[in-house]
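Peer 1: First the structure, then my questions, so here it is.
Please treat every number below as a calculation from the coordinates, not as lab data. Nothing here was measured: the structure is a model prediction, and the numbers come from that model. Positions of Cβ are generated from backbone atoms using ideal geometry, with glycine treated the same way; all protein chains shown enter the neighbour counts.
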Amino acid sequence: MLTLPGELRAAIIAHARADHPDEACGVIAGPAGSDRPERFIQMTNAERSPTFYRFDSLEQLRVWREMDDAGEEPVVIYHSHTATEAYPSRTDIAYASEPGAHYVLVSTRDPDTAELRSFRIADGVVTEEEVRDPVDAAPE
Amino acid sequence: MAIEVRIPTILRNYTGGAKSVEGSGDTLASLLADLDERYSGLQERLVDDSGLRRFVNVYLNDEDVRFLGGLDAPVSDGDTVTVLPAVAGGATP
């Protein structure tokens, strides 16, 4: 399960809409081992393509070093699909390289509806998971 | 001679969990060959028949080695080499 605060969910969707029809991509960092996404980091899609994304290599180095210095890790890695469903493609699965991350997919194929789904991708296996807003947690 | 090589999470099974290892060599190619002697299989994750694998980023200090000659990039004592798998994907089939 991914616990994703509403404002971060909105930030991901806003970024995806802003970059449409190109794919948008980014990271949400959080304290290492906490599984809490906290710090939203919009990344440049160096491919600027409607069907492919890649983090700019030097930007990725900078962000990964900052996370390391701050005791953070990439809790969420997100990107958008601009004409297809919010589900990992074979390419997404082949290149998934952070086994601990939640892979969030957004589809911007419909201008009126936001599709946002989250997945674990490890060893070539995709497992969908629930996305929950922490304010919706059941009271004790 | 010691060159620090920072290993990404997904490759730490080759280094017994170590996030940083040391090696020696005059070029990136010889450094990777040196590491492969102690961490068998690591080199193949980084290099294929045509050179550095396309979706692995290798940095020498603050620069991407693609701009420094790739596997021929000279390395020296005190350098830091960082490996990060590219974060990439997309709807493209």
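Peer 1: Among the strands (runs of 3 or more DSSP E) confined wholly to region A:1-105, which include 1 or more residues that are of a type in the set (A, V, I, L, M, F, W, C) and either touching a residue at least 40 places away in the same chain (Cβ under 8 Å) or under 16 Å from A:R117 (Cβ atoms) (or both)?
Peer 2: Numbers: elements: A:25-31, A:39-43, A:72-81.
Hits in region A:1-105: A:25-31, A:72-81.
Peer 1: Among (1) touching a strand residue (DSSP E or B) at 6+ places or on another chain (Cβ under 8 Å); (2) within 11 Å of chain A (Cβ to nearest Cβ); (3) without any contact (Cβ under 8 Å) to a residue 40 or more places away in the chain, which single condition is B:L68 missing?
Peer 2: Here B:L68 clears every test but (2).
Peer 1: Another question, then. Confirm whether B:L46 is over 30 Å from A:S107 (Cβ atoms) and aliphatic (A, V, I, L, M). Let's see the steps before the verdict.
Peer 2: Working: over 30 Å from A:S107 (Cβ atoms): yes; aliphatic (A, V, I, L, M): yes.
Against the criterion (over 30 Å from A:S107 (Cβ atoms) and aliphatic (A, V, I, L, M)), B:L46 qualifies.
Peer 1: Counting just the residues of region B:54-80 that are in a loop (DSSP other than H, G, I, E, B) and among the hydrophobic types (A, V, I, L, M, F, W, C), which one comes out nearest to A:F55 (Cα to Cα)? Before the answer, list the steps.
Peer 2: Pass one, region B:54-80, residues in a loop (DSSP other than H, G, I, E, B): B:54-55, B:61-62, B:68-69, B:73, B:75-79.
Applying the additional criterion that residues be among the hydrophobic types (A, V, I, L, M, F, W, C) yields B:55, B:68, B:73, B:75.
On the way: B:F55: 11, B:L68: 20, B:A73: 23, B:V75: 25 Å.
Filtering first and then ranking leaves B:F55.
Peer 1: OK, next. Looking at A:E98 and the list (1) more than 9 Å from chain B (Cβ to nearest Cβ); (2) under 27 Å from B:V65 (Cβ atoms); (3) not polar (S, T, N, Q), which single condition is not satisfied?
Peer 2: (1)
Peer 1: Test A:D19 against the criterion of being of a type in the set (D, E, K, R), surrounded by 21 or more Cβ atoms within 10 Å (Cβ to Cβ) and under 16 Å from the mean Cα position of the chain (by Cα), and give yes or no.
Peer 2: yes
Peer 1: Another question, then. From A:R62, A:R54, which residue is within 12 Å of another protein chain (Cβ to nearest Cβ), out of contact with any strand residue (DSSP E or B) (no Cβ under 7 Å at 6 or more places or on another chain) and not β-branched (V, I, T)?
Peer 2: Working: A:R54 fails: out of contact with any strand residue (DSSP E or B) (no Cβ under 7 Å at 6 or more places or on another chain).
None of the others qualify; the one that does is A:R62.
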